[in-house]
Amino acid sequence: MTAAAIPHIPADRLPALLRAMPKAELHIHIEGSLEPELIFELSRRNGVAIPYASVEDLRRAYAFTDLQSFLDIYYAGASVLVTAQDFHDMAWAYFLRARADNVVHAELFFDPQTHTARGVAMGTVIDGLHRACERARSELGISSALILCFLRHLSEAEAFDTLEEALPYRDKFIGVGLDSSEVGHPPEKFARVYARCRTLGLHLVAHAGEEGPPTYIRTALDLLQVERIDHGVQAIHDPELMQRLARERIPLTVCPLSNLKLCVYPSLAQHQLKALLDAGLAVTVNSDDPAYFGGYIADNFVEVAAATGLSAQQCWQLAANSFEASFVDEATKAGWRDQLDACFARFG
Ligand code: HPA
Ligand code: ZN
């Protein structure tokens with residue numbers, strides 16, 4: 001099927017189709033899938049105190065004004081993760097939600113520095129997450145991979161140290177990313193780290209243009225040589241960059257509910273997803289930190305489609321883009337595309 005051959009889908013059937021259609025999730029911080037209930041359970045299990053009286057008290061704190069106001073709570077929440085079993089349980093809970101949303105493939109970000117700084121060993125983090133990934137494949141039929149993210153508010157030297165610490169587990173992650181506080185920490189700060197990662201054959205992605213300027217997207221492409229841009233929505237302010245992203249089919253992993261909750265847009269109706277798609281960019285829809293932003297991937301699809309008036313054709317394109325942008329072989333992508341087409345045919 002091509003986008004032009006999408007059958008007519010009645011508008012009232014679109015939400016069900018968006019939930020049912022097979023999709024890949026390419027921008028999910030696994031620590032951002034930690035629900036308040038599990039935070040409290042792990043807090044008790046590990047005897048790690050958290051400064052909130054109850055699940056409700058914690059949830060009430062999820063009123064963010066910008067990226068940093070979220071990150072402060074996100075790092076506090078992650079402090080209850082101690083054992084490999086904890087990391088497994090967190091990722092397994094995500095995979096169960098992903099299956100409910102018909103995610104067939106997920107590439108998970110993890111932030112090792114958040115844990116190694118507290119004395120948790122790199123091997124503990126990676127082994128726990130890897131075990132959940134293997135279990136998702138065998139018990140749920142979901143394929144997945146891990147992407148190690150460097151915290152950009154920390155130094156280049158700390159990123160190099162983290163990479164060295166992770167190398168004994170090189171076979172358990174497929175790439176590296178760059179996250180945390182964007183403004184003031186431009187991509188070029190990590191150009192030498194990324195150059196080393198490139199020689200190791202790792203896939204390269206980076207957050208750019210979430211709150212930061214379009215320049216950060218350019219330097220992520222030119223100086224870090226990333227294959228995908230995470231967020232990237234600020235590209236809309238730079239027509240020449242937009243043309244380049246479209247021409248080179250550089251995927252953007254867009255996260256609508258994240259952008260809403262972190263006040264990148266005042267309302268979902270003002271989100272620029274449709275404009276990015278209309279300009280021919282390889283846009284995908286993702287959840288970012290679903291436990292904090294009020295929805296998993298299918299909620300992101302349903303809410304942004306309703307708020308911005310996406311057509312069935314555009315919804316098909318978003319799912320097709322998620323497969324195109326994933327780090328898997330072409331035959332696997334083609335199989336998922338066939339599943340996607342069969343799903344649209346069923347709803348048509
Ligand atoms: N941006 C930057 N860093 C992050 C995010 C995000 O949306 N989520 C978790 N770490
Ligand atoms: Zn993110």
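Nothing in this text is a laboratory measurement; each read-out follows from the coordinates by a stated rule. The structure displayed is predicted, hence computed values, not measured ones. Please note: Cβ atoms are built from the backbone with ideal geometry, for glycine as well, and neighbour counts cover all protein chains shown.
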query = Within segment 220-239, restricting attention to residues that are farther than 22 Å from Asp288 by Cα and among the acidic types (Asp, Glu), which residue is surrounded by the most Cβ atoms within 10 Å (Cβ to Cβ)?
reply = Asp238
note = Checked Ala159, Ala191 against criteria (out of contact with any His (no Cβ under 9 Å at 6 or more places or on another chain), farther than 19 Å from His29 by Cβ and in a helix (DSSP H, G or I)); the one match is Ala191
Segment 305-337, residues that are of a type outside the set (S, T, N, Q), within 19 Å of Ala5 (Cβ to Cβ) and in a loop (DSSP other than H, G, I, E, B) = Leu310
inquiry  = If I ask for residues that are among the acidic types (Asp, Glu), outside any loop (DSSP other than H, G, I, E, B) and closer than 18 Å to Glu324 by Cα, which ones from segment 200-230 would you list?
reply    = Asp230
task = Note down all Cβ pairs under 6 Å where the first residue falls in segment 243-255 and is closer than 14 Å to Leu277 by Cβ, the second is within 13 Å of ligand 1 (Cβ to nearest atom) and part of a loop (DSSP other than H, G, I, E, B), and they're at least six residues apart or on different chains.
result = Leu252/Gly232; Thr253/Asn286
request  = Return only the number of the condition from (1) more than 15 Å from the chain's Cα centre (by Cα); (2) more than 18 Å from Gly232 (Cβ to Cβ); (3) not β-branched (Val, Ile, Thr) that Leu277 does not satisfy.
outcome  = (2)
task = Give the residues of segment 279-309 that are away from ligand 2 (no atom under 13 Å from the Cβ) and hydroxyl-bearing (Ser, Thr, Tyr), sorted by residue number.
result = Tyr296, Thr308
task = Could you check Glu31 against (1) of a type outside the set (A, V, I, L, M, F, W, C); (2) away from ligand 2 (no atom under 16 Å from the Cβ); (3) in contact with a Phe, Trp or Tyr (Cβ under 8 Å, 6 or more places away or on another chain) and say which number it fails?
result = (2)
request  = Please find, within segment 87-117, the residue that is farthest from ligand 2 (Cβ to nearest atom) out of those that are within 15 Å of Arg45 (Cβ to Cβ) and either crowded, with 23+ Cβ neighbours inside 10 Å or among the basic types (Lys, Arg) (or both).
outcome  = Phe87
key: Qualifying positions in segment 136-170 - surrounded by fewer than 16 Cβ atoms within 10 Å (Cβ to Cβ) and over 28 Å from Lys189 (Cβ atoms)   = Arg137, Ser138, Glu139, Gly141
ask   = Looking only at residues in segment 1-47 that are hydroxyl-bearing (Ser, Thr, Tyr) and not in a loop (DSSP other than H, G, I, E, B), which one is farthest from Asn300 (Cα to Cα)?
value = Ser43
query = Among the helices (runs of 4 or more DSSP H) confined wholly to segment 83-153, which include 1 or more residues that are in contact (Cβ under 8 Å) with a residue 12 or more places away in the chain and aromatic (Phe, Trp, Tyr)?
reply = 84-100
request  = Please give the number of the condition Lys23 fails out of (1) within 22 Å of the chain's Cα centre (by Cα); (2) of a type outside the set (Gly, Ala, Ser); (3) more than 16 Å from ligand 1 (Cβ to nearest atom); (4) surrounded by fewer than 18 Cβ atoms within 10 Å (Cβ to Cβ).
outcome  = (4)
request  = Quickly run through segment 164-176 and pick out the residues that are free of Cβ contacts under 8 Å to residues at least 40 places away in the same chain, assigned to a helix (DSSP H, G or I) and within 16 Å of Arg196 (Cβ to Cβ).
outcome  = Glu164, Leu167, Arg170
request  = Kindly indicate which of Gly295, Gly280 is part of a loop (DSSP other than H, G, I, E, B), of a type outside the set (S, T, N, Q) and closer than 19 Å to Ala100 by Cβ.
outcome  = Gly295
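Conditions (1) in contact with a strand residue (DSSP E or B) (Cβ under 6 Å, 6 or more places away or on another chain); (2) closer than 26 Å to Gln339 by Cβ, marked per residue:
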site: Ala117; (1), (2): no, no
site: Cys133; (1), (2): yes, yes
site: Ser143; (1), (2): yes, yes
site: Phe160; (1), (2): no, no
site: Gly177; (1), (2): yes, no
site: Gly184; (1), (2): no, no
key: Identity of the residue in segment 207-219, more than 10 Å from ligand 1 (Cβ to nearest atom) and either more than 10 Å from Val233 (Cα to Cα) or among the basic types (Lys, Arg) (or both), that ends up surrounded by the most Cβ atoms within 10 Å (Cβ to Cβ)   = Tyr216
key: Residue pairs meeting the criteria (Cβ under 7 Å; at least 6 apart or on separate chains; first away from ligand 1 (no atom under 16 Å from the Cβ), in segment 177-200; second assigned to a loop (DSSP other than H, G, I, E, B))   = Glu188/Leu223; Ala191/Leu223; Ala191/Leu224; Tyr194/Leu224; Tyr194/Gln225; Arg198/Gln225
